[in-house]
Amino acid sequence: MTLSDDVVVDIPIGCGGYGLALTPDGEQVYISCSLNGKVEVVDVATRTHIKSIAVTGSPRRIAVSPDGLTVVVPNENGWVDFIQ
């Protein structure tokens, strides 16, 4: 539940996001960008885009391992990327 339904901040990531996953520690959000073949990473505390990771193809929904060390990105084009 949010405190209000107001948008607090817009964070430009350079793509139309498809899926996202929050790391277990709550520090980063990974966002799949199916149109440009990248995964974008946002720092939650500073609310800034911190990096782009090229995975090519069309990445979809994302999962983060319980220890936060591996991000798993299935791809519509027929493979899975593991990011560490």
(request) For segment 16-31, enumerate the residues that are at pLDDT below 95 and either in contact with a Phe, Trp or Tyr (Cβ under 7 Å, 6 or more places away or on another chain) or of a type in the set (F, W, Y) (or both). (result) Y18, L20
(message) Suppose we filter segment 71-84 for residues that are assigned to a loop (DSSP other than H, G, I, E, B) and of a type in the set (F, W, Y); how many remain?
(response) 0
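So that you can scan it fast, the table gives a plain yes or no per residue for (1) more than 22 Å from I11 (Cβ to Cβ); (2) assigned to a strand (DSSP E or B):
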position	(1), (2)
P24	no, no
S32	no, yes
N36	no, no
A45	no, no
I53	no, yes
R61	no, no
L69	yes, no
(message) With the requirement that a residue be surrounded by fewer than 15 Cβ atoms within 10 Å (Cβ to Cβ) and modelled with pLDDT of 95 or more, what does segment 55-67 give you?
(response) A63, S65, P66, D67
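The values are calculated or read from the model by the stated rules, or taken from the named source; none is laboratory data. Just so you know, these numbers come straight off a predicted model, no measurement behind them. Here Cβ is always computed from backbone atoms with ideal geometry, including for glycine, and neighbour counts include all displayed protein chains.
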